[in-house]
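Note sheet for the following structure.
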Amino acid sequence: MRINLSRLILRPREREAFFLETMGNDCFLEEIGGKFLTSIKVEIVVENTGNRFVGRGNVRTLLQLPCSRCLKDFTYPVDTEFELTMAEAVNSDQVSVDDGIIFFEADEADIMSIVEEAIFMAIPICSLCREDCRGLCLVCGQDKNSTSCSCQQETIDPRWEKLKNLQ
Ligand SMILES: [Zn+2]
Ligand SMILES: [Zn+2]
C-alpha cells in the first residue's frame, strides 16, 4: 500500500487526502488463525510539515477470526484510527521504517507495515463470536451454543467414585 507524495512534496504546510485500497496479506493473520474477507481500505490526510509528512487516517476491513471460546470462525469488522510519520530518505539505504518513521524515496511511501499494525492492535486478545459465547464443553468437546450435553450431571464426586470401586 503506497502513498504518492509527489504533489505534496512541492507544497509545504499543505494537506492532501488519499484513499487507498489493497488486498491484505493473510500470512500476517496466520498466527491467530484469521484471514481477510475483504480488501483493506484506508482514508488518510497527510500534512507536509516542512521536514516530515504527518498522516492521520482510518483503516477499515473485514476479518475472519476463530472465536477464543468455541473456535468457530466469525466475522470481525475492523474500523480504527491510526497515525504515521513519513520522511524523505537521504539515500536508498535509508528506506525503511525506523522509530515509527517511514523513510521513502522516489515520492512514494509504503505504509503497509503501519496499516497492518493498526489492524493487529484493533483485534482483541480474547475475540468472541458473541459476547455470551458458551464455548466448548471441557469434557466432551461439544459446542455448548448449539447442543446441551449432560456432562455436568455425569460428573461424579471423586469421594463417591472410590466407594463405587469398592463394590
Ligand atoms: Zn464462540
Ligand atoms: Zn459435554
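Just so you know, all these numbers are worked out from the coordinates, no wet-lab data involved. Keep in mind it's a predicted model, so treat the numbers as computed, not measured. Every residue, glycine as well, gets a Cβ built from its backbone with ideal geometry; the counts of neighbours run over all protein chains shown.
Close amide H partners of residue 24, meaning residues 5 or more places away or on another chain with modelled amide H under 5 Å apart, are 40.
The packing ranking, built from the mean of other Cβ atoms within 10 Å per residue, places the peptides 5-13, 65-73, 136-144 in the order 65-73, 136-144, 5-13, highest first. Remark: region 81-98, residue by residue, has Karplus-estimated 3J(HN,Hα) of 8, 8, 10, 8, 10, 10, 8, 6, 6, 5, 8, 5, 5, 7, 5, 5, 10, 10 Hz, where x stands for each Gly or Pro and the curve is 6.51 cos²θ - 1.76 cosθ + 1.60 at θ = phi - 60°.
Hey, what number do you get for the chain at 222 nm if only DSSP H runs of n ≥ 4 count, each worth -39500 (n - 2.57), divided across all residues, to the nearest 500?
On the way: 5 runs with 32 residues, N = 167.
Estimated from H runs of four or more residues: -4500 deg cm²/dmol.
Sequence-ordered 3J(HN,Hα) estimates for region 124-133 from the Karplus curve with 6.51, -1.76 and 1.60 and θ = phi - 60° stand at x, 4, 10, 9, 10, 5, 7, 4, 9, 4 Hz, glycine and proline given as x.
Please report the equivalent ellipsoid semi-axes of the chain, computed as sqrt(5 x eigenvalue) of the Cα gyration tensor, largest first, in whole Å. Write out the running numbers ahead of the final one.
Values: eigenvalues 540, 46, 27 Å².
Semi-axes (√(5λ), whole Å): 52, 15, 12.
With unit charges on the beta carbons (Lys and Arg positive, Asp and Glu negative) and the dipole taken about the Cα centre of the chain, which residue among 71, 17, 140 sits farthest to the positive side? Positive-most Cα among the choices belongs to 140.
Near residue 79, once Lys and Arg are set to +1 and Asp and Glu to -1 for all other residues with Cβ below 14 Å from its Cβ, the sum equals 0. Near the amide H of residue 76, within less than 5 Å, lie the amide hydrogens of 63, 64, 65, all on another chain or at least 5 residues away, with H placed in the peptide plane. Counted by Cβ distance under 9 Å from residue 16, the other residues give a net charge of +1, where Lys and Arg count +1 and Asp and Glu count -1.
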